[in-house]
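**Q** Got a structure for you, questions after.
The values are calculated or read from the model by the stated rules, or taken from the named source; none is laboratory data. Worth saying up front: this structure is predicted, and the values here are computed from it rather than measured. Virtual Cβ from ideal backbone geometry, glycine too; neighbours counted across all protein chains shown. When the accessible area is computed, the model is the full protein with side chains, heavy atoms only, and any ligands, DNA or RNA have been set aside. Shrake-Rupley method; radii C 1.70, N 1.55, O 1.52, S 1.80 Å.
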Amino acid sequence: MTIPYGKHSLDEVDIQAVLSVLYSGWLTQGPLPEQFENVVASFVGSAGGVSANSATSCLHIACIALDVGKNDIVWTVPNTFVASANCALLCGASVDFVDIELETGNICVSTLRTKLEKARDCGDLPKVLIPVHFAGFPCDMKSIAELSREFGFKIIEDASHALGAKYECGNFCGSSIYSDITVFSFHPVKIATSVEGGVAVSNDLELLQKMKILRSHGITSDPDMMVQTPVSEIWGYQQLLLGLNYRMSDIHAALGLSQMKKVPNFVRSRRNHAERYNTLLKSSDVLLPPDETIQTSSFHLYCVQVLNGRQRYVFDHLRNADILCNLHYIPVYLQPFYQKKFGFPRGYCPNSEIWFKRTISIPLYPALTRIEQDFVVKVIIEALH
Ligand SMILES: *Cc1c(COP(=O)(O)O)cnc(C)c1O
């Protein structure tokens, strides 16, 4: 019996929702992507949303909408999926990395401040910062937002892991109180799924409008947005910006809409499983996920830190028991592409490298059973003895 590290939860209602689109005739560019983005925005408490075919696409159009271009610098963390950094490079900007804190795996605010002060002295401040809510545990966005005012950068939150997570103030991640744009992923391994898909939310109506145009070739068919008398009366659209085809189909949106109804339940069961892991692993030698007295995690991942160089040993032990644990993440700047292109030295972000040598993501998803969980814990404890 294989136990994966993450798994989507689909039921008959989800499947019927997809089938009804197939019967309806509107496969794409129908009403559902707009409904989906509105449901996500209102769930997290933001003014509006823009759906796209992936969170990667959302990050890309978010950068374009914030005018990230050739001479700009974007900062993110190394402890993330490559898309959080690639989006800047795709705009022709350069990218740099801020180290994480070892308690949470999130951006370290004091390292960020020091790096910003240095950058101000050198005249190379970032235009945009992309903090990542690792494993669904929110970054200290209040402090980051204060720094953004002081140093004048914009913020795109990569909340791919954090649908249903809450900041210290009790607002949902994505309520747009601390940032310009927040991006969620609906890939099957994330909190809820549209198979492939992403939604960017914002309180800035102009940014939302711009991202909506960018995801569809830079084109509008809204007469109010057209900038000159159409060349032809019967030609119903104009291209205003250089965009892409990043649209979400109605099939994907139908599944996303159906899944959104279950997000509170998904997050509740993830949090219950996490709490049970906390109890079962409390007296073992592994370090557990961060204390939640301030923020509330959505628990996309449950990461333990294995000390004394025993990560590989525990990892192999789990894999040999058919427990498909995983590593999150190889520091992005150590990826071959980043090494070849930019040659970041080893040790560039020491905590991110320590993190990578310590952590293991163990199975966590809504349908995880107590028996499976007990087995995972048993194998970890055996490996440590
Ligand atoms: C999954 C993920 C993405 C990309 O999401 P897609 O929807 O697969 O494009 C981006 N950033 C982080 C941190 C992720 O985990």
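**Q** Being open to solvent by 60 Å² or more (accessible area, probe 1.4 Å), farther than 30 Å from Val44 by Cβ and among the hydroxyl-bearing types (Ser, Thr, Tyr) is the filter here; which residues of the range 280-315 pass it?
**A** Ser283, Tyr313
**Q** Scan the range 63-70 and tell me whether some residue there is away from the ligand (no atom under 16 Å from the Cβ), small (Gly, Ala, Ser), open to solvent by 10 Å² or more (accessible area, probe 1.4 Å) and closer than 24 Å to Lys212 by Cβ.
**A** Yes; the residues of the range 63-70 include at least one that is away from the ligand (no atom under 16 Å from the Cβ), small (Gly, Ala, Ser), open to solvent by 10 Å² or more (accessible area, probe 1.4 Å) and closer than 24 Å to Lys212 by Cβ.
**Q** Another one. Residues in the range 223-237 that are touching a Pro at 6+ places or on another chain (Cβ under 9 Å) and not in a loop (DSSP other than H, G, I, E, B): how many? Working first, answer last.
**A** The first filter runs over the range 223-237 and keeps only residues touching a Pro at 6+ places or on another chain (Cβ under 9 Å), leaving 223, 230, 236-237.
The next check asks that each one be not in a loop (DSSP other than H, G, I, E, B); those that pass are 223.
Qualifying residue count, the range 223-237: 1.
**Q** From the list Gly123, Gly105, Gly45, which residue is among the small types (Gly, Ala, Ser), away from the ligand (no atom under 14 Å from the Cβ) and under 18 Å from the mean Cα position of the chain (by Cα)?
**A** Only one candidate qualifies: Gly45.
**Q** If you take the residues in the range 329-385 that are open to solvent by 70 Å² or more (accessible area, probe 1.4 Å) and outside any helix (DSSP H, G or I), which one is nearest to Thr279 (Cα to Cα)?
**A** Step by step, filter the range 329-385, then rank; the result is His385.
**Q** Further question: For the range 162-203, give me each residue that is acidic (Asp, Glu) and out of contact with any Pro (no Cβ under 8 Å at 6 or more places or on another chain).
**A** Passing the criteria: Asp180, Glu196.
**Q** So Pro223 clears everything in (1) exposed (fewer than 13 other Cβ atoms within 10 Å of the Cβ); (2) more than 28 Å from Phe172 (Cβ to Cβ); (3) at pLDDT 95 or above; (4) of a type outside the set (A, V, I, L, M, F, W, C) except one condition, right? Which one?
**A** (3)
**Q** Surrounded by fewer than 24 Cβ atoms within 10 Å (Cβ to Cβ) and either aromatic (Phe, Trp, Tyr) or closer than 30 Å to Ala367 by Cα (or both) - does that describe any residue in the range 195-218?
**A** Within the range 195-218, one or more residues are surrounded by fewer than 24 Cβ atoms within 10 Å (Cβ to Cβ) and either aromatic (Phe, Trp, Tyr) or closer than 30 Å to Ala367 by Cα (or both).
**Q** Any residue in the range 316-325 that is hydrophobic (A, V, I, L, M, F, W, C), surrounded by fewer than 19 Cβ atoms within 10 Å (Cβ to Cβ) and without any contact (Cβ under 8 Å) to a residue 40 or more places away in the chain?
**A** No, the range 316-325 contains no residue that is hydrophobic (A, V, I, L, M, F, W, C), surrounded by fewer than 19 Cβ atoms within 10 Å (Cβ to Cβ) and without any contact (Cβ under 8 Å) to a residue 40 or more places away in the chain.
**Q** Still on this structure: Only one of Ser148, Ser176 is under 19 Å from Ile100 (Cα atoms) and not charged (D, E, K, R). Can you tell me which?
**A** Unique residue meeting the criteria: Ser148.
**Q** Based on what the data block shows, is Arg247 open to solvent by less than 70 Å² (accessible area, probe 1.4 Å), among the charged types (D, E, K, R) and assigned to a helix (DSSP H, G or I)?
**A** Considered against the rule, which asks whether it is open to solvent by less than 70 Å² (accessible area, probe 1.4 Å), among the charged types (D, E, K, R) and assigned to a helix (DSSP H, G or I), Arg247 comes out as no.
**Q** Restricting to the range 84-98, count the residues that are open to solvent by less than 20 Å² (accessible area, probe 1.4 Å) and out of contact with any strand residue (DSSP E or B) (no Cβ under 8 Å at 6 or more places or on another chain). Walk me through how you get there before you give the answer.
**A** Filtering the range 84-98 for residues open to solvent by less than 20 Å² (accessible area, probe 1.4 Å) gives 84-85, 87-88, 93, 95, 97-98.
Filter once more, so that each one left must be out of contact with any strand residue (DSSP E or B) (no Cβ under 8 Å at 6 or more places or on another chain): none.
Summing the residues that are open to solvent by less than 20 Å² (accessible area, probe 1.4 Å) and out of contact with any strand residue (DSSP E or B) (no Cβ under 8 Å at 6 or more places or on another chain) in the range 84-98 gives 0.
**Q** Mind listing just one residue for me: the one in the range 112-149 that is open to solvent by 20 Å² or more (accessible area, probe 1.4 Å) and in contact with a helix residue (DSSP H, G or I) (Cβ under 8 Å, 6 or more places away or on another chain) and, of those, nearest to Asn71 (Cα to Cα)?
**A** By that ranking, first place goes to Leu125.
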